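> The structure follows.
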Amino acid sequence: MAVSHPDPIPAILAGRPRLPALLDGLTDSVVRAPSALPGWTRGHLLSHLEGVALALARQARYAPKDELIDPYDGGRPARDSGVSPPPELGPWP
């Protein structure tokens with residue numbers, strides 16, 4: 001039995017322009033600066049955001065078919081490598 005959910009598309013479309021506006025003008029020094037999370041740079045956060053966004057997009061592609069899938073193609077090992085920061089940022093804290 002399919003579960004009915006509210007349509008997320010309006011909220012997604014409304015929020016979509018916010019991120020590019022926040023990212024506009026970032027410099028290497030700003031991205032490498034510490035974030036509010038202990039041990040995490042802003043770059044770590046951006047890398048994590050990208051990985052999670054890709055995983056959620058993958059799930060969203062399958063949701064209309066009522067298919068439940070792992071967020072990451074390849075399961076947990078793919079997740080671990082999928083949200084890893086670029087080597088120049090260093091490992092997760």
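> If the chain between V52 and A14 were fully stretched, how many nm would it gain, using 0.36 nm times the residue separation less the Cα-Cα distance?
Full extension from V52 to A14 adds 11.8 nm.
> If amide hydrogens are placed 1.01 Å from N in the peptide plane, which non-local residues have theirs closer than 5 Å to the one on T41?
S35
> Could you work out how far helix 42-62 tilts from the main Cα principal axis of the chain, as a 0 to 90 degree angle to the nearest 10?
Between helix and principal axis, roughly 10 degrees.
> So what's Rg/Rh here for the chain, counting alpha carbon atoms and using the Kirkwood radius for Rh?
For the chain, the value is 1.04.
> Name the most mobile residue of L22, L68, L45, meaning the one with the largest mean-square fluctuation, in a Gaussian network model of the chain with Cα contacts below 10 Å.
L22
> If you don't mind, there's one more thing I want to ask. How much FRET efficiency would the formula 1/(1 + (r/R0)^6) give for H5 and L26, where r is the Cβ-Cβ distance and R0 is 30 Å, rounded to 0.05?
With R0 = 30 Å, the Cβ-Cβ based efficiency is 0.30.
> With springs connecting C-alpha atoms under 10 Å apart, model the chain as a Gaussian network and identify which of P71, P34, P17 has the largest mean-square fluctuation.
Residue with maximal mean-square fluctuation among P71, P34, P17: P17.
No value in this document is a laboratory result; all are computed from the given coordinates. Note that this is a predicted model, so its numbers are computed, not measured. Note that each Cβ is placed from the backbone with ideal geometry, even for glycine, and that neighbours are counted across all protein chains shown.
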